[in-house]
Amino acid sequence: MLVTMNGDVVEVSKAVAADFTPWHEEQFAAMTYADRSLHFTDPRWRCTYLGKGEEKAAFLVCDHQQRVFVVEVIDERTYLNGRFVTGTYFLERRVVGLSGVAFDRRALIGLRFTGLVKVREFADGYEWARFQWRPDRRSWLDHPMTGFLRLVYGGRFDAYRRRYRDVHERNVLFEVRALRQSGVPVLARDAAGRVRLVRIGLQPIDLR
């Protein structure tokens, strides 16, 4: 699969539990944060910011073997156990270098990390609010494609609302999947600009 890391298109694979080694543990233990990015002692590791909420910030990390995963950095003062409920968590650790660090040092209030981090699988996709025909920019095709996918998955989205609290347009994804996986087949552009046939599934990423 292709992802964009700080402007560069990178070919990667999704990490699985067996991929994590003592070297990963060393990198996690030494993590620091600055300028909306996590920083590691291994210069081959790359990171890009995905987004934040009231209780955590999420970062896409690519390791030295081109495997990607998500690191959630948590503010336990406001943490209500929002979780990637249908996905896999690999690790949970405490990182001294992230304890007491503000997401935005200029802000007087807001997200302040307490050192707790969770490492989970990466889900590639777009928020329920808007599917995108191409990842690098919005297009007039986004609206009809979003409407079609909402028709297909509206019942499942409503089921999440009935089962979990605080389900909204930002914490449920239209996940872009390989053709061998389950989902609705659609044409979409990848990070390299190529049109390809993929499957789109629904993936909740931060429910409680």
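So here's what we get for this one:
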quantity	calculated
Over 18 Å [Cα-Cα, the range 122-208], rounded percent	39
Stretch gain in nm, segment Thr41-Arg130, where the contour uses 0.36 nm per residue and the Cα spacing is subtracted	28.4 nm
Residues in the range 169-208 reached by a label modelled at Lys14 [backbone nitrogen below 16 Å; 7 Å Cα→Cβ]	172-185, 198-206
The range 1-60: Cα Rg divided by the 2.2 N^0.38 Å rule of thumb	1.20
Stretch gain in nm, segment Leu2-Ala30, where the contour uses 0.36 nm per residue and the Cα spacing is subtracted	7.3 nm
Inter-centroid distance (Cα atoms) of the range 1-77 relative to the range 90-120, Å	14
Theoretical ellipticity at 222 nm over the chain - DSSP helices of four or more residues, -39500 (n - 2.57) apiece, nearest 500	-4500 deg cm²/dmol
Pairs of Cα atoms farther than 14 Å apart, the range 100-148, %	66
Sorted largest first, extent of the range 1-107 alpha carbons per principal axis (Å)	35, 30, 25
Carbon and sulfur %, accessible surface of the range 5-82 computed with the full protein complex present, 1.4 Å	51
The range 131-208, accessible surface, carbon-and-sulfur percent (1.4 angstrom probe)	50
Accessible surface, the chain, averaged per residue in Å² (probe 1.4 Å)	53
For the range 76-167, radius of gyration divided by Kirkwood radius, i.e. Rg to Rh on alpha-carbons	1.06
Rounded FRET efficiency, nearest 0.05, which uses the C-beta distance separating Arg93 from Ala192 and R0 of 41 Å	0.75
Karplus-derived 3J(HN,Hα), 6.51/-1.76/1.60, for each residue of the range 31-42, Hz, glycine and proline x	4, 10, 10, 6, 6, 6, 8, 8, 10, 10, 6, 7
Angstrom value of the Kirkwood radius, inverse mean 1/r, which spans all Cα pairs in the chain	18.0
Length-normalised contact order of the range 104-191 in % [C-alpha pairs under 8 Å, at least 6 apart]	37
Angle between the chain longest axis and helix 142-163 axis [Cα atoms, degrees, rounded to 10]	60
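The values are calculated or read from the model by the stated rules, or taken from the named source; none is laboratory data. Note that the coordinates shown come from a computational prediction; the quantities given were computed from them, not determined experimentally. For neighbour counting, all protein chains shown are included, and Cβ atoms are generated from backbone atoms with ideal geometry for every residue, glycine included. Side chains are part of the model used for accessible areas, which takes the heavy atoms of the whole protein and leaves out ligands, DNA and RNA. Shrake-Rupley method; radii C 1.70, N 1.55, O 1.52, S 1.80 Å.
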